[in-house]
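Before any comments, here is the structure.
No lab work stands behind these numbers, since they all come straight from the coordinates. This is a predicted model, so every value here is computed, not measured. Here Cβ is always computed from backbone atoms with ideal geometry, including for glycine, and neighbour counts include all displayed protein chains.
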Amino acid sequence: MFEQSFKNIDDILHTDSGCGTELDYVEQTSWILFLKYLDDLEETKKTEAELSGKKYEYILSPKYRWNTWACPKKDDGKIDHNKALGGDDLRDFVNNNLFPYLKKLKAEDSDTIEYKIGEIFSELKNKITSGHKLREILTIVDGMHFRLYEEKHELSHLYEAKIAKMGNAGRNGGEYYTPRPLIKTIVKVVDPKIGETIYDGACGSAGFLVEAYNYLTQNPEKLSSGQMETLQNKTFYGKEIKSLAYIIGIMNMILHGIEAPNIRHTNTLAENINDIQEKDRYDIVLANPPFGAGIGREIQQNFPIKTGETAFLFLQHFIKILKAGGRAGIVIKNTFLSNTDNASVSLRKLLLENCNLHTVLDLPGGAFQGAGVKTVVLFFEKGAPTKKVWFYQLNLDRNLGKGNPLNEADLTEFVKLQKSKAESENSWSVSVKDIDQETFDLSVKNPNKKNEEVLREPEEILKEMRDLDEESKKILDSMQEKL
């Protein structure tokens, strides 16, 4: 239905001087799609209200509704080009009237869609410099309707594809895109239930929250109106620091059917974890926090284990914000399992003593396109110490890459074996009492792959290098004496 429309919009944006990257294309397409989607949502709600004998109160005032400024219609339903703004008039109206009006809606209650509209447009600006090109895009989007389930489903699917494309356009995008097959697998293993609260403190494009929503609404006809209301308002919670990621996350959730997403635009790590109270906690944490060093000392003071590694601070936050008995599935660099620095050792000790780290999924290189790090997924439950860890090493018979990405079929065996923690060529269990009680090293060393070369410790390699240097020196000295 909409695939060609999306391509046509990209082609137009590609020729506009204000839009230079995939990130710009997604951002600019997003705000226009959002306003058309909002208009269709309002018309649907108006029809429902009329059928119930009620009067519907529009969110937007008449001047700023889609059918007034974007695409006014004649009686036959076609665009009235005499009333439709174009060129500089259209661009100036959007920049000087529409955006300032939408920003002001932020003053409303934070749980409402009005507040979310205000927040989105406080973070956005129109980058389409040509009013004529903007008119072309508005006309294309006007032909896209989002009132039927099939229409919304295709729109959300195509939007996900755009996010994925953006995620591979460079570091700015890739920081908040996680492969959907991996997210779906993590959600399956954690197995959320309706009534549980689900949280991602580094939610990016909201992939984890969206997939959790999809998982819980696989059979929508079996859900009561009360359950649907719980899913809409009291289930999904997120935080995101980056403006574009925040906007796309909100948009992604709305396009998947969650009308007023509980996502806050804030720096999660700026919150002192000692201030987290029981009322702030969640049943489930699903996340892929950003990796990388460089967190300043001021932020580190919010955490008992001081470290400049972003992901390690997030892990402390996630452990603290889980309810007792709460469950988590978190992506992290595989070096977390074996690093010997004080922060890594202390954090592994904290995790093993306060949570049951029951499963570690070891992913191959290339699982994250464009990322040069290997990752693992930690699955744990808060409230009881770890006694045994089940490892699964995803060994594929192909190299992962842009043309050969991770898929759900790759993870089928993991999901099947994880239920019983069965041993196989790719899986094994380790008792915590058998690991080094000083370093708590949890390195992935598969005992069932006989041909696997176990990675040696750096100290061992350095000693061998020194021994070889010493041997080489003796040989050279001996040769020198003979000359």
Scope region 120-151; condition outside any helix (DSSP H, G or I) and charged (D, E, K, R); matching residues:
125, 127, 147
Given the condition of a type in the set (A, V, I, L, M, F, W, C) and part of a helix (DSSP H, G or I), answer yes or no: does some residue in region 277-293 qualify?
no
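Does region 95-119 hold any residues that are of a type in the set (S, T, N, Q) and outside any helix (DSSP H, G or I), and which are they? Even if it seems obvious, please write down each step before you answer.
Initially, region 95-119 is screened for residues of a type in the set (S, T, N, Q), giving 95-97, 110, 112.
Those that are of a type in the set (S, T, N, Q) and outside any helix (DSSP H, G or I): 110, 112.
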Output the number of residues of region 336-349 satisfying the condition of being assigned to a helix (DSSP H, G or I) and crowded, with 17+ Cβ neighbours inside 10 Å.
8
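Restricting the search to region 299-333, which residues are in a helix (DSSP H, G or I) and out of contact with any Leu (no Cβ under 8 Å at 6 or more places or on another chain)? Spell out the reasoning first.
Start the filter on region 299-333 by keeping residues that are in a helix (DSSP H, G or I), which leaves 299-300, 310-321.
If the condition is that a residue be in a helix (DSSP H, G or I) and out of contact with any Leu (no Cβ under 8 Å at 6 or more places or on another chain), then 311, 318, 320, 321 are the ones that fit.
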